[in-house]
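Trainee: The following block contains the structure, expressed as structure tokens.
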Amino acid sequence: MTGRFAPAAPLARLSLAKRTPLYDWHVAHGARMVEFAGWDMPIQYASIVEEHQTVRTAAGIFEISHMGRLWFEGANSLDLIQRIYTNNAATMKEGQARYGLICNEHGGILDDVLVYRWADGFGMVVNASNREKIVDWIAKHQGGTRVQDTTTQTFMVAVQGPRAVALCNGLVPAEVDKLPYYHGCRTSYRGMRCTVSRTGYTGEDGLEFMVSAEQAGSLWEELLKRGAKPCGLGARDTLRLEAGMPLYGHELTEDIDPFQAGLGWAVKMDKGDFIGREALARRRQDKSLRQRVGLELEGKRLAREGASVIKEGKVVGAVTSGTYAPTLAKAFAMAYVDRACVAPGTGCEVDVRGKPAAARVVPLPFYRRTK
């Protein structure tokens, strides 16, 4: 997921933003709409805290059709994926989903993506604001692989929360409750192709469905009838932050490499050559590069993006995201700090609107579900 939320565009400019299949439904049901990564998206229906707690305790649904959906097929599809992707797609089993990064030649992160392996090709979900950039990047290295951008022809919905999987049983012929984490299957919904995976971006169990755009309304309404509550991108942001998940444009940029971001587990240096590998080998050894950490602030003052992290009067880092965590009733932030300050328990201060707020480094994630 990428970027924060811009104010709603003036009426004269609304046509510039793209609209998802459920745009009219969101407006009709009172959602607060904002322009997000070039799309008109719902930030909230009721309150962000209420929607956040719904996902932590029951089941919420998010329309995420703004995310880019790409399809790779042909004899060279695996070679292309391996070339542009830091993780190892060759070891994936059919139906498996795997997180990874796409880096430039300098090791900077172009995007964080989810790759799906199927018998006849690969799927990839990319961040909304990076879709055109990634499509162009792939075209430079495409060779004979056929790559199709299916974003505007399809609908994507995330059902998240401790009751999410049970709520979806019987929705499609496949037994979705038996899907392992980060695995999916191709099935059908009301006679048309449907892809479902046990994935998400909230720190909770859940499923993500991809169907044709024309089935958006029927699938959404059926999920509502089964007891899921609509949630906006505001809650999705606070949920992912509690779960310590990076957000493109904040924790991840073209100036940050996966090792700095704490995502070295998604980089397989031994799989063979890939774009950025040589640079990453150098950067991995560079002790001057800052590292991503979690911060817990004293009190309820919130650290915002760009706020300085200070230790003993010296600026040692900068905040990338911050929020008040509804589940934990504390203020947290993620930041990049000097390597001398990454140990859990390290005390520091955060400059909150010109005034110091006491903080300490804590392990990520801030929240971890127990089952």
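Coordinate-derived values only; no laboratory data. Just so it is clear, the model here is predicted, and its values are computed rather than measured. Note: ideal-geometry Cβ built from the backbone for every residue, glycine included; neighbour counts use all protein chains shown.
Trainee: For a protection proxy built on the mean count of beta-carbon atoms within 10 angstrom, sort 25-31, 217-223 highest first, please. Let's see the in-between values first.
Mentor: Working: 25-31: 15.1, 217-223: 17.0.
Sorting 25-31, 217-223 by mean packing, highest first, produces 217-223, 25-31.
Trainee: Net charge near Arg353, counting Lys/Arg +1 and Asp/Glu -1 over other residues with Cβ under 15 Å of its Cβ? Before the final figure, lay out the partial values.
Mentor: Values: positive: Lys300, Arg301, Arg304, Lys355; negative: Glu305, Glu349, Asp351.
Value of the local net charge: +1.
Trainee: Here's something else I'd like to know. Ranked highest first by the average count of other Cβ atoms within 10 Å around their residues, in what order do 188-197, 317-326, 107-116, 282-291 fall? The partial results should precede the final answer.
Mentor: Details: 188-197: 16.6, 317-326: 21.4, 107-116: 23.4, 282-291: 13.2.
Highest to lowest by the protection proxy: 107-116, 317-326, 188-197, 282-291.
Trainee: Continuing with the same structure: Once phi is turned into ³J(HN,Hα) by the Karplus curve 6.51 cos²θ - 1.76 cosθ + 1.60 with θ = phi - 60°, what whole-Hz value does each residue of the stretch 73-86 show in order, with x for glycine and proline?
Mentor: With coefficients 6.51, -1.76 and 1.60, one gets 8, x, 4, 9, 5, 5, 4, 5, 4, 4, 6, 9, 10, 6 Hz.
Trainee: Per DSSP H run of at least 4 residues, take -39500 (n - 2.57); add these up for the chain, divide by its residues and hand me the 222 nm value, nearest 500 deg cm²/dmol. Don't skip to the answer; put the middle values down first.
Mentor: Details: 8 runs with 67 residues, N = 371.
Calculated from helices alone, the mean residue ellipticity at 222 nm is -5000 deg cm²/dmol.
Trainee: Please list, in order along the stretch 183-197, the HN-Hα scalar couplings obtained from phi with the Karplus expression 6.51 cos²θ - 1.76 cosθ + 1.60 (θ = phi - 60°), rounded to whole Hz, x for Gly and Pro.
Mentor: Going residue by residue, I get 10, x, 8, 9, 9, 9, 10, 6, x, 10, 4, 9, 10, 10, 9 Hz, with x marking Gly and Pro.
Trainee: Show me, for the stretch 59-69, the HN-Hα J-couplings you get by feeding each phi into the Karplus relation (A = 6.51, B = -1.76, C = 1.60, θ = phi - 60°), rounded to Hz, glycine and proline as x.
Mentor: Values, residue by residue: 7, x, 10, 10, 7, 10, 5, 5, 5, x, 10 Hz.
Trainee: How big is the gap, in Å, between the Cα center of the stretch 96-170 and the Cα center of the stretch 47-74?
Mentor: So the separation of the two Cα centres works out to 14 Å.
Trainee: Using a/c under 1.5 as the rounded threshold, could you call the chain rounded, prolate or oblate? The axes a ≥ b ≥ c are square roots of the C-alpha gyration tensor eigenvalues, and prolate needs a/b larger than b/c, oblate otherwise.
Mentor: Numbers: a/c = 1.67, a/b = 1.18, b/c = 1.42.
It comes out oblate by the Cα gyration axes.
Trainee: Here is a further query. Counting DSSP beta bridges in the chain, what percent are antiparallel, to the nearest 5?
Mentor: Values: 79 of 85 bridges.
Roughly 95 percent of the DSSP beta bridges within the chain come out antiparallel.
Trainee: Of Phe259, Leu223, Leu239, which is farthest on the positive side of the dipole of the stretch 204-300, counting Cα position, with +1 on Lys and Arg Cβ, -1 on Asp and Glu Cβ, and the Cα centre as origin?
Mentor: Projecting each Cα onto the dipole axis, the largest value belongs to Phe259.
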